[in-house]
Amino acid sequence: MASVIQKRLSLHKRAEDHHRENQALQSQLCRIQPLANIGSASCMIAHEINNILTPFGSYADLALKHFDDKALVRKALEKAVLNCQRATKVMESMLALANGDTQKKQTVGLAGLIDEVFTCLCRDFGKDRIQLRIDIPEDLKVHVVAVQIQQVLMNLSLNAREAMLERGGTLSLRAYNDADHTIIEVADTGSGIAPEAMKTIFEAFYSTKDSSESAEECFGTGLGLAFCRLIIDKHQGSITVKSKQGEGTTFKISLPQIPSEIAS
């Protein structure tokens, strides 16, 4: 009997020790988490700002090469200023995401958001033998943090472009209301994604790029899709992917429709 009691006391003590160790680990995690947030924010900002700096540089280069064309220079500089403003919004948005802040959502036209994305990209996809098809009803509105959804669409569009660079193809963006959700589809006819990669494609630092590529070519890779999912999760939505190698990839975003109290 004494032996049983002693064993129980020993087990109880071990349980208490484990509980204290667990509390200590949780306390350490709380102290470490802000540092992890800073790291995540840095990666996120670097990736997204890189997407903006490329067309920014193109506009500046265009202005320098055609300095005597005042109308062209003015237009290029206006685009550069627009990109600066966009970069500021992106930084604020990404930092807020990393810190878990809730940003104010607005009701905006989806077609206008997408137009701004391709204006920001500056690149004529036709030069890469990529046909752009956009089927977005002009009256279709979404209740979102606009700059965050634009970052999702920009990332998906850039990924689609990269998948079609070798042979060209078609990039299609369409949206529609389905029951109580708004569906946005971004589809390409590119190289597709290997079946074994589908389970990890939304994980941070996953990349389809060859590790032998240069650091410049790989800058920011592996972050875009992870943060796309983070943003969509923050909007209480979902993002899924279907792909077949050699035929293309389709990303499907589902967002809650505008709440009735806001819509009215």
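The values are calculated or read from the model by the stated rules, or taken from the named source; none is laboratory data. Keep in mind that this is a model prediction, so the values were computed, not measured. Virtual Cβ from ideal backbone geometry, glycine too; neighbours counted across all protein chains shown.
Can you find a residue in the range 109-125 that is surrounded by fewer than 16 Cβ atoms within 10 Å (Cβ to Cβ), in contact with a helix residue (DSSP H, G or I) (Cβ under 8 Å, 6 or more places away or on another chain), of a type in the set (A, V, I, L, M, F, W, C) and modelled with pLDDT of 80 or more?
No - not one qualifying residue is present in the range 109-125.
Taking the range 225-256 as the region of interest, how many residues are outside any helix (DSSP H, G or I), without any contact (Cβ under 8 Å) to a residue 24 or more places away in the chain and not small (Gly, Ala, Ser)?
Summing the residues that are outside any helix (DSSP H, G or I), without any contact (Cβ under 8 Å) to a residue 24 or more places away in the chain and not small (Gly, Ala, Ser) in the range 225-256 gives 3.
This table checks each residue for (1) at pLDDT below 65; (2) surrounded by 14 or more Cβ atoms within 10 Å (Cβ to Cβ); (3) at positive phi; (4) in contact with a Gly (Cβ under 6 Å, 6 or more places away or on another chain).
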{"site": "3", "(1), (2), (3), (4)": "no, no, no, no"}
{"site": "8", "(1), (2), (3), (4)": "no, no, no, no"}
{"site": "31", "(1), (2), (3), (4)": "yes, no, no, no"}
{"site": "62", "(1), (2), (3), (4)": "no, yes, no, no"}
{"site": "71", "(1), (2), (3), (4)": "no, no, no, no"}
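Right, residue 114: more than 28 Å from residue 246 (Cβ to Cβ) and out of contact with any Phe, Trp or Tyr (no Cβ under 8 Å at 6 or more places or on another chain) or not?
Considered against the rule, which asks whether it is more than 28 Å from residue 246 (Cβ to Cβ) and out of contact with any Phe, Trp or Tyr (no Cβ under 8 Å at 6 or more places or on another chain), residue 114 comes out as no.
Among the residues that make up the range 153-176, is at least one of them out of contact with any Asp or Glu (no Cβ under 8 Å at 6 or more places or on another chain), surrounded by 15 or more Cβ atoms within 10 Å (Cβ to Cβ), at pLDDT below 90 and acidic (Asp, Glu)?
The answer is yes; a qualifying residue exists.
If you scan the range 142-201, which residues turn out to be in contact with a Gly (Cβ under 6 Å, 6 or more places away or on another chain) and β-branched (Val, Ile, Thr)?
189, the sole residue that qualifies.
Mind checking whether some residue in the range 222-233 is over 17 Å from residue 174 (Cβ atoms), touching an Asp or Glu at 6+ places or on another chain (Cβ under 7 Å), modelled with pLDDT of 80 or more and small (Gly, Ala, Ser)?
Taking every residue of the range 222-233 in turn, at least one turns out to be over 17 Å from residue 174 (Cβ atoms), touching an Asp or Glu at 6+ places or on another chain (Cβ under 7 Å), modelled with pLDDT of 80 or more and small (Gly, Ala, Ser).
Answer yes or no as to whether residue 80 is assigned to a helix (DSSP H, G or I), at pLDDT 75 or above and over 16 Å from residue 152 (Cβ atoms).
Yes: the conditions hold for residue 80.
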